[in-house]
Amino acid sequence: MDPTRPPGLDAPSTLRAVKAVSRLNAVLYRATDGRVGGRFRAHRGFPRAIPVCLLTTRGRKSGRLRTAPLLYLELEDGTVAVVASQGGMARNPMWYRNILDEPRVVLQIGAEMTVRRARTATAEERAELWPRLVELYPEYETYQSWTDREIPVVLLEGTGR
């Protein structure tokens with residue numbers, strides 16, 4: 001693992017802070033159809049604003065709906081790619097664990113909401129998409145260096161209805 005990994009990254013307080021910011025982002029996003037919270041400007045002078053979507057999953061234990069704001073890349077065929085990075089934390093994010101049990105999700109981009117089917121990209125798909133995702137948000141490469149797990153790339157595909 002990268003020695004520049006922040007100390008306390010996996011601390012419960014860090015996870016609580018990430019959850020609180022995510023909840024606030026989701027509330028603002030929904031209230032404004034993505035006009036607030038729909039773009040993320042990276043730090044360190046990264047010049048581009050990166051698009052944000054809302055991904056709603058069903059909790060695998062609670063059965064309750066859970067929403068996560070995520071950076072996304074829309075592919076040529078309309079599939080949306082998201083990254084289960086959780087900032088390089090040791091464990092996959094809850095939303096990722098939820099889709100493993102229930103792959104049917106709701107994706108919101110701006111005001112548009114669609115039902116999608118989520119699946120983990122194959123090794124070949126990930127190898128193809130990873131450089132594009134790192135180009136979109138270079139911190140993904142840093143996050144990968146901070147964890148021993150391979151950060152999953154998730155494809156959100158249309159359900160056809």
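The values are calculated or read from the model by the stated rules, or taken from the named source; none is laboratory data. Quantities reported herein were computed from a predicted structural model and do not represent experimental measurements. All Cβ positions, glycine included, derive from the backbone under ideal geometry; neighbour counts span all protein chains shown. Heavy atoms of the whole protein, side chains included, go into the accessibility calculation; ligands, DNA and RNA do not. Shrake-Rupley method; radii C 1.70, N 1.55, O 1.52, S 1.80 Å.
State the number of residues belonging to the range 106-122 that are within 12 Å of residue 154 (Cα to Cα) and either open to solvent by 70 Å² or more (accessible area, probe 1.4 Å) or in contact (Cβ under 8 Å) with a residue 12 or more places away in the chain (or both).
Within the range 106-122, residues that are within 12 Å of residue 154 (Cα to Cα) and either open to solvent by 70 Å² or more (accessible area, probe 1.4 Å) or in contact (Cβ under 8 Å) with a residue 12 or more places away in the chain (or both) number 6.
Residues in the range 99-118 that are within 13 Å of the chain's Cα centre (by Cα) and of a type outside the set (A, V, I, L, M, F, W, C): how many?
Matching residues across the range 99-118 total 1.
Residues in the range 41-66 that are farther than 23 Å from residue 138 by Cα, open to solvent by less than 40 Å² (accessible area, probe 1.4 Å) and either touching a residue at least 60 places away in the same chain (Cβ under 8 Å) or touching a strand residue (DSSP E or B) at 6+ places or on another chain (Cβ under 8 Å) (or both): how many? Step through it out loud before you land on a result.
Going through the range 41-66, the residues farther than 23 Å from residue 138 by Cα turn out to be 56-66.
Filter once more, keeping what is open to solvent by less than 40 Å² (accessible area, probe 1.4 Å): 56-57, 59, 63.
With either touching a residue at least 60 places away in the same chain (Cβ under 8 Å) or touching a strand residue (DSSP E or B) at 6+ places or on another chain (Cβ under 8 Å) (or both) added as a condition, the list becomes 56-57, 59.
The number of residues fulfilling the criteria is 3.
I'm trying to understand the selection: among the residues of the range 67-113, which are in contact with a strand residue (DSSP E or B) (Cβ under 6 Å, 6 or more places away or on another chain) and of a type in the set (Ser, Thr, Tyr)?
Scanning the range 67-113 gives 67, 72, 79.
For residue 149, work out the one condition from (1) of a type in the set (D, E, K, R); (2) more than 26 Å from residue 41 (Cβ to Cβ); (3) part of a helix (DSSP H, G or I) it doesn't fulfil.
Among (1) of a type in the set (D, E, K, R); (2) more than 26 Å from residue 41 (Cβ to Cβ); (3) part of a helix (DSSP H, G or I), the lone unmet condition for residue 149 is (3).
Scanning for something buried (at least 20 other Cβ atoms within 10 Å of the Cβ) and over 16 Å from residue 152 (Cβ atoms), does the range 90-100 turn up at least one residue?
Within the range 90-100 (the criterion being buried (at least 20 other Cβ atoms within 10 Å of the Cβ) and over 16 Å from residue 152 (Cβ atoms)), the answer is no, since none of the residues qualifies.
List every residue pair whose Cβ atoms sit under 7 Å apart, with the two residues 6 or more apart in sequence or on different chains, where the first one lies in the range 129-158 and is touching a residue at least 12 places away in the same chain (Cβ under 8 Å) and under 16 Å from residue 80 (Cβ atoms) and the second, anywhere, is open to solvent by less than 30 Å² (accessible area, probe 1.4 Å) and among the aromatic types (Phe, Trp, Tyr).
Within 7 Å, the pairs are 133/140; 152/96; 153/130; 154/96.
Among 73, 15, which is of a type in the set (A, V, I, L, M), in contact with a helix residue (DSSP H, G or I) (Cβ under 7 Å, 6 or more places away or on another chain), open to solvent by 20 Å² or more (accessible area, probe 1.4 Å) and in contact (Cβ under 8 Å) with a residue 60 or more places away in the chain? Step through it out loud before you land on a result.
Working: 15 fails: in contact with a helix residue (DSSP H, G or I) (Cβ under 7 Å, 6 or more places away or on another chain).
Every option except 73 fails the conditions.
Being surrounded by 13 or more Cβ atoms within 10 Å (Cβ to Cβ) and basic (Lys, Arg) is the filter; apply it to the range 20-40 and report the residue that is modelled with the lowest pLDDT.
It comes out as 39.
Collect the residues in the range 54-92 that are part of a strand (DSSP E or B) and under 9 Å from the mean Cα position of the chain (by Cα), keeping them in residue-number order. Even if it seems obvious, please write down each step before you answer.
If we filter the range 54-92 for residues that are part of a strand (DSSP E or B), which is where we start, we get 54-58, 65-71, 73-74, 80-83.
If the condition is that a residue be part of a strand (DSSP E or B) and under 9 Å from the mean Cα position of the chain (by Cα), then 54, 55, 68, 69, 70, 71, 81, 82, 83 are the ones that fit.
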